[in-house]
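Q: After the structure tokens below, expect a handful of questions from me.
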Amino acid sequence: MTRLDFWITSKLSPYDMKKPRESLLQTLRSLQTDYLDLYLIHWPAIARKAASSPEHKRLRLEAWKELNQAKREGLLRHVGVSNFTQKHIQELINETEYGIQGAFVQVEIHPWYWRDALEIQTRFGEKGVSMVGYALLAEGRLMGENCPEVLDEISERRCLSKVQIVLTWALTKNWGVLVRSENVDHLRQNLGALSLVDVLTSEDIAIIDGISSPGEEDKLCWDPRHVK
């Protein structure tokens, strides 16, 4: 196998926002590679600062410039952001020469919280952004005893696991998904979801969409909406 057989992603930590290039170069050294396939700004703020600090905006704009320059140098193939709101993304368009053309946008996505992702996709889709969801199992809620019965019903009707159902639901919306498992059978099931995008009907998708309601979604992970 060669380097081209691997896709390597890493992130700029909120603790390293003041030194994005140094942090990237250290990551390359640690991974013993000449380039990364994707490098993301993990969070729109520097660590240990009040959410209202104006320093957040200055540093994330500077970091975005550094990442794009590193891309021009061949150190990165793709760049992106994680946990950025629409406002934070719009700033990259308005206040940097690089914009967000072809960027990756990684956000929390699951049946209990997905409308922010859809709004970002709708607003910036013409820029060629790729949406990627994490926490698709809703921090374990999907497999908990309080999981909505409708998911069990769809799972039984389609002869798929609930994980496959939710993975397929996300893929039908053209969202990439981040999943992880050490179980070989689960890994096969996750990969198999790529061939199941036509299994769910529009009715199935509407039912899954309806697990949460507009304005009443449950965000279960970090919330960047208060970061200035």
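Q: Out of everything in segment 111-150 that is of a type in the set (Gly, Ala, Ser) and assigned to a strand (DSSP E or B), what residue ends up being surrounded by the fewest Cβ atoms within 10 Å (Cβ to Cβ)? Outline the logic, then answer.
A: Step one: list which residues in segment 111-150 are of a type in the set (Gly, Ala, Ser), which gives 117, 125, 128, 130, 133, 135, 138, 140, 144.
Restricting the remaining residues to those that are assigned to a strand (DSSP E or B) gives 130, 133.
On the way: Ser130: 17, Gly133: 24.
Per the stated criteria, the residue is Ser130.
Q: To continue, here is another question. Output the number of the condition that Leu25 fails; it satisfies all remaining conditions of (1) in a loop (DSSP other than H, G, I, E, B); (2) hydrophobic (A, V, I, L, M, F, W, C); (3) open to solvent by 50 Å² or more (accessible area, probe 1.4 Å).
A: Among (1) in a loop (DSSP other than H, G, I, E, B); (2) hydrophobic (A, V, I, L, M, F, W, C); (3) open to solvent by 50 Å² or more (accessible area, probe 1.4 Å), the lone unmet condition for Leu25 is (1).
Q: Only one of these is part of a helix (DSSP H, G or I), more than 16 Å from Lys228 (Cα to Cα) and in contact (Cβ under 8 Å) with a residue 12 or more places away in the chain: Lys57, Lys65. Name it.
A: Lys65
Q: Inspect all residues belonging to segment 169-187 and state whether any of them is in a helix (DSSP H, G or I), open to solvent by less than 30 Å² (accessible area, probe 1.4 Å) and without any contact (Cβ under 8 Å) to a residue 60 or more places away in the chain. Write out each step before concluding.
A: Kept after step one, since they are in a helix (DSSP H, G or I), are these residues of segment 169-187: 169-172, 184-187.
Narrowing further to those that are open to solvent by less than 30 Å² (accessible area, probe 1.4 Å): 169-170.
Still in the running and without any contact (Cβ under 8 Å) to a residue 60 or more places away in the chain: 169.
Checked segment 169-187: at least one residue is in a helix (DSSP H, G or I), open to solvent by less than 30 Å² (accessible area, probe 1.4 Å) and without any contact (Cβ under 8 Å) to a residue 60 or more places away in the chain.
Q: Mind checking whether some residue in segment 67-89 is under 14 Å from Lys18 (Cα atoms) and either surrounded by 15 or more Cβ atoms within 10 Å (Cβ to Cβ) or among the charged types (D, E, K, R) (or both)?
A: So far as segment 67-89 goes, yes, one or more of its residues are under 14 Å from Lys18 (Cα atoms) and either surrounded by 15 or more Cβ atoms within 10 Å (Cβ to Cβ) or among the charged types (D, E, K, R) (or both).
Q: Still on this structure, please answer the following. In segment 90-110, what residues are more than 20 Å from Pro20 (Cα to Cα), surrounded by 18 or more Cβ atoms within 10 Å (Cβ to Cβ) and of a type outside the set (Asp, Glu)?
A: Within segment 90-110, Val107, Ile109, His110 qualify.
Q: I need every pair where a residue in segment 94-110 that is within 13 Å of Val132 (Cβ to Cβ) and in a loop (DSSP other than H, G, I, E, B) has its Cβ under 9 Å from the Cβ of a residue that is among the charged types (D, E, K, R) and at pLDDT 95 or above, sequence separation at least 6 or different chains.
A: The qualifying pairs are Ala103/Lys127; Ile109/Asp116; Ile109/Lys173.
Q: Would you be able to tell me the number of residues in segment 28-51 that are part of a loop (DSSP other than H, G, I, E, B) and either touching a strand residue (DSSP E or B) at 6+ places or on another chain (Cβ under 9 Å) or open to solvent by less than 80 Å² (accessible area, probe 1.4 Å) (or both)?
A: First, the residues of segment 28-51 that are part of a loop (DSSP other than H, G, I, E, B): 32-35, 37, 42-51.
So of that shortlist, the ones also either touching a strand residue (DSSP E or B) at 6+ places or on another chain (Cβ under 9 Å) or open to solvent by less than 80 Å² (accessible area, probe 1.4 Å) (or both) come out as 33, 35, 37, 42-47, 50-51.
Selection size over segment 28-51: 11.
The values are calculated or read from the model by the stated rules, or taken from the named source; none is laboratory data. Note that the structure is a prediction, hence the values are computed from the model and not measured. Cβ coordinates were reconstructed from backbone atoms using ideal geometry, including for glycine residues, and neighbour counts include every protein chain displayed. Each accessible area value is taken on the protein alone, full model and side chains, heavy atoms only, with ligands, DNA and RNA left out. Shrake-Rupley method; radii C 1.70, N 1.55, O 1.52, S 1.80 Å.
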